[in-house]
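One structure is given here, and the rest of the page talks about it.
The values are calculated or read from the model by the stated rules, or taken from the named source; none is laboratory data. Everything quoted here is computed from the prediction, not taken from an experiment. Here the Cβ positions follow ideal geometry from the backbone for every residue, glycine too, while neighbour counts run over all protein chains shown. Note: areas computed on protein heavy atoms with side chains; ligands, DNA, RNA excluded. Shrake-Rupley method; radii C 1.70, N 1.55, O 1.52, S 1.80 Å.
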Amino acid sequence: MTQKTLTYDQLAITPADVFEQMGYHGLLPDKVTQQETSVIIDEVRQWLCPQFCYQVVKEQPPFDMGKIILRQLRGSEAYALFVCTSGSEYENFQQRLKEQGDMVRVFIADALGSVIAEKCADQMEATLQENIDKLGWHHTNRFSPGYCGWHVSQQQLLFPLFEGHTCGVQLTDSSLMVPIKSVSGIIGIGKKVRKLDYTCGLCDFQQCYKRKLKLS
């Protein structure tokens, strides 16, 4: 098991990343939203402790991932199972904003939280690649329950494989993660696999946020 706690600055988040997640797609929001985003980032930077953990298994777990993901994992010599999270502190921060009723800040924090989780997953991938470089291995894209035909209920099969080491992330009965700004899933690794730049043409999930970004 590999586990790491990061700082906000290690995530290399830019305001443009947050604006993109908000739906501005290369444009700038109004000045008030820009200012509020800066204020929230400055506050979060002081205490944020995002975490990731992953473990490598040799056998492909018996998930029902669907043909799209299975095709992308083909040729893997092992598999990395991962969890990445913005952390409970961020979850509490979002809850405080909701209680204050400031919907602009709630909106910004929601977008920022999604970016934090994805950037944390990016750092996890980078660490994974560093660890498999010595083998001459590569890795596939990361795939998560809820996307590309892999039903979110399969979280219930994924999480027990971590044997409690999930960076504090827990599942609800409906298979949602808490903290909600978390990412989990599987990555294929090996000499003959590769990470694709863009795979939405292979996926039929119309509501995927990556598809929305590409089409905008």
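For the chain, the carbon plus sulfur part of the accessible surface works out to 51%, probe radius 1.4 Å.
Sites listed here are GluC sites (Glu not before Pro) in segment 1-101 whose DSSP assignment is loop and whose Cβ has at most 12 other Cβ atoms within 10 Å: Glu59.
Using R₀ = 30 Å, calculate the FRET efficiency as 1/(1 + (r/R₀)^6) where r is the Cβ-Cβ separation of Gln46 and Val178; round to 0.05.
0.80
Computed extension length for Ser38-Glu99: 19.9 nm, one decimal, from 0.36 nm per residue of separation with the Cα-Cα distance subtracted.
Calculated accessible area for segment 1-126 comes out at 50 Å² per residue, all protein chains present (probe 1.4 Å; ligands, DNA, RNA ignored). Gain on full extension, evaluated as 0.36 nm per residue between Thr2 and Ala16 minus their Cα-Cα distance, stands at 2.0 nm.
Computed from the C-beta positions of Arg74 and Val106 and an R0 of 35 Å, the FRET efficiency is 0.25 to the nearest 0.05. Say the dipole of the chain comes from +1 at the beta carbon of Lys and Arg and -1 at that of Asp and Glu; which of Val169, Tyr147, Gln3 then lies farthest toward its positive end? After comparing all options, I get Tyr147.
Excluding ligands, DNA and RNA, the accessible surface per residue across segment 129-189 is 48 Å² with a 1.4 Å probe. The eigenvalues of the Cα gyration tensor, multiplied by 5 and square-rooted, give segment 1-154 an equivalent ellipsoid with semi-axes of 33, 17, 15 Å from largest to smallest.
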